[in-house]
1. Taking the Cβ of F91 as the center, what net charge do the other residues with Cβ under 14 Å away carry, scoring Lys and Arg +1 and Asp and Glu -1?
2. Give me the percent of the accessible area of the range 101-161 that comes from carbon and sulfur atoms, probe 1.4 Å, all protein chains in place.
3. Of K204/K287; K167/K200; K116/K138, which ones are farther than 19 Å apart at the Cα?
4. With every protein chain left in place, what is the accessible area per residue of the range 139-287 in square angstrom, probe 1.4 Å?
5. From the Cα gyration tensor of the range 196-337, with a ≥ b ≥ c the square roots of its eigenvalues, which class applies: rounded if a/c is under 1.5, or else prolate if a/b is larger than b/c, or else oblate?
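The values are calculated or read from the model by the stated rules, or taken from the named source; none is laboratory data. Owing to the predicted nature of the structure, the values given are computational and were not obtained by experimental measurement. Heads up, the Cβs are rebuilt from the backbone with ideal geometry, glycines too, and the neighbour counts pull from every protein chain shown. Surface accessibility is based on the protein's heavy atoms, side chains included, excluding ligands, DNA and RNA. Shrake-Rupley method; radii C 1.70, N 1.55, O 1.52, S 1.80 Å.
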Amino acid sequence: MQNIMSLKTICLLLVFMTSLSFAQEKMHLEEIAPEVEGKQGLKEEIKEYINHHLLDSHDFGLYSYENDEGENVHIGFPLPVILWDNGLQVFSSSKLHHGESVAEVNGNYYKLYHGKIYKTDAEGTINHDEHHHATNFKPLDFSITKNVFTIFLVGLLLFFMFGSMAKSYKKAALPKGMGRLLEPIVLYIRDDIAIPNIGKKHYKRYMSFLLTVFFFIWIINLLGLTPLGVNVTNNIAVTLALALLTYLITTFTANKNYWGHIFWMPGVPWPMKIILAPIELLGTFIKPFSLLIRLYANITAGHIVLMSIIGLMFIFKNWLGSSLSFGLAFVLSLLELLVAALQAYIFTMLSALYFGSAVEEHHHDDH
């Protein structure tokens, strides 16, 4: 009963935070709408805002507004910028001032331009080629960006959650506090994902990864629906890293039967084996590639569609069109709560399926 009450409370909190995020995006678009004349200009401004919203940033910005003097005021906090340019260059992102000023560090000058840091002169000159691409030298960037900071934060949260759960089991057979909420989810991943796909003999080897990747993706996706404006899984580098982990674990834990079915399939004529072996080997790369594309595309598409629908309210400028756009955007924002969990489930399920194929044996005594 207490688990049900906890789930209800969390669901209500998520709906509230989603509503706040929806309202925040609407307020941002309301700020830019009066400044643009004509529908075409407004469409371009909305498109630019959506592209900016999806990008990573070198500071943790919550929101911004224009004060009485006409200056843009950004609310948030800076993050460390770490560059490699003839040595390590470390400074605060506040020196860049959201790309509005030039940062001087050890006699070098750096400017933030379209989310990337370039080396410039004291005036911050950005040179362009015929395709309007910046040609300035771009140092290696190892900065703690907004996405990296969020990943660290979620990692610490996972340590706290599962550490608290482990301690509660030491004191009693039934978990308390956070453990009461986590236990049904952990049991579901074990009994309905890991064991059916991997088997009772081998599933324990992979449980730590499956639990970590499920809760990591789920929490990260939920944070993307809050007013924090965090969009980690719509960064293809993050989804690539997650898929790469699945690929490496599958490859280095696979048994001889797995490789035998790839390079020399039993029961197949040897000429066909030569033809099918490269195709099967290519399939080992395509599987994790589908993982990274599915997660990246679904999360990115959800954000783009949601903000585009909100933007339609300012393009229609009538009670019917705006009301329909508002209702559709609100319903879609609630649907994103389901998508956040669904994408975590699909990634975990397919990873377990790949692990199961890697350790599958001829005699299934473990099932």
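1. On the way: positive: K95, K111, K119; negative: D59, D85, E104, D141.
Every neighbour counted, the sum reads -1.
2. Values: 2310 of 3730 Å².
For the range 101-161, the apolar C and S fraction of the accessible surface comes to 62 percent.
3. Beyond 19 Å between Cα atoms: K204/K287; K167/K200.
4. I get 54 Å² per residue for this part.
5. Since a/c reaches 1.5 and a/b is larger than b/c, the shape of the range 196-337 is classed as prolate.
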